[in-house]
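Working notes, beginning with the structure itself.
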Amino acid sequence: MKREIRNTVLALTTSGLVVVGSAACSSQEVIDAVTSSDSGLSEASDWTGEDALMGRLEYLAPGEFVIDGQAFFVSEETRYLGGLNVCPAEDGVDDVGFGVVECDLESFEAAAQGEAPVHAKAEAELGENDEIIAVSITEYDSETPNDSGETDAPGAAPAPEDGAGDGAADGASELVSGELEYISPGEYMIDGTAFYVAEDTVIHAGLYACAGGVQDPDTGDVICDFDRFDATLANGTAITAEVEIVDGVALSITEY
């Protein structure tokens, strides 16, 4: 679930299809209207309640967020823990990357609407009207393995079983491919795996990005400048690529 959910709510509101007020639709009815519009937003009935919601936190409306396509509410009793992008502090996370700084709703709402992505774990329960209400929202570092040995980043590769992959250590590369999604300047995503671009990232393009660029005489590849590549992706151009990632940073991006 991306920005289109918020845009859908705003569009419904401004068009008069949804009127927020004491005598009009409730917040849950707003979400129901959005889910019925094929936006990809999940209804509360789709949530089993067995697992916490984890992923990128997105702002939907005051007191309402979305994680991985599932909308939920907060209450006066909801607990907020930050430490990274929300209520940042030195030593703001524990050993497995979860925030430990007591925070507040206003800070989470502001951060979720900002440019930097906020990843969070929401422990939730069903309310009296079967709406999903967060008991707690905890920010986490998407690049840090949790205490089960798995990374919390959506789409990240599972950790090897005990005894498997001996010799593998931090710094091992991961190869992913698919359609690139633009998150922010220098930060992209493929199939749910987010990564950053560094100054020494090698970008090979020539199809949609840097089309008509100068080819390398030895390999025939077109070396693409980051600014041109980033601008092409930010403009909404569909680009498929193979990316080699080490510790969340792309070593190379090859358009295909």
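The values are calculated or read from the model by the stated rules, or taken from the named source; none is laboratory data. Every value quoted in this text rests on a predicted model; they were computed, and no experiment measured them. Glycine also receives a Cβ, built like all others from the backbone with ideal geometry; neighbour counts cover every protein chain displayed. The accessibility values were calculated without ligands, DNA or RNA, using every heavy atom of the protein model including side chains. Shrake-Rupley method; radii C 1.70, N 1.55, O 1.52, S 1.80 Å.
Side notes on the structure shown:
- Those residues of the range 107-126 which are touching a helix residue (DSSP H, G or I) at 6+ places or on another chain (Cβ under 8 Å) and surrounded by fewer than 18 Cβ atoms within 10 Å (Cβ to Cβ), in sequence order: 126
- Residue count for the range 195-206, restricted to those that are at pLDDT below 90 and either part of a loop (DSSP other than H, G, I, E, B) or within 20 Å of the chain's Cα centre (by Cα) (or both): 1.
- If you go through the range 219-256 and keep only what is among the aromatic types (Phe, Trp, Tyr) and surrounded by fewer than 14 Cβ atoms within 10 Å (Cβ to Cβ), you end up with just 256.
- Listed by first and then second residue, the pairs linking a residue in the range 239-256 that is under 13 Å from residue 222 (Cα atoms) to a residue that is assigned to a loop (DSSP other than H, G, I, E, B) and at pLDDT 90 or above, with Cβ atoms under 7 Å apart and 6 or more places separating them unless they lie on different chains, are 255/239.
- Among the residues of the range 85-106, those identified as open to solvent by less than 50 Å² (accessible area, probe 1.4 Å), in a loop (DSSP other than H, G, I, E, B), under 18 Å from residue 57 (Cα atoms) and among the hydrophobic types (A, V, I, L, M, F, W, C) are 86, 87, 103.
- Residue within the range 127-139 that is open to solvent by 30 Å² or more (accessible area, probe 1.4 Å), part of a strand (DSSP E or B) and over 29 Å from residue 250 (Cα atoms) present: yes
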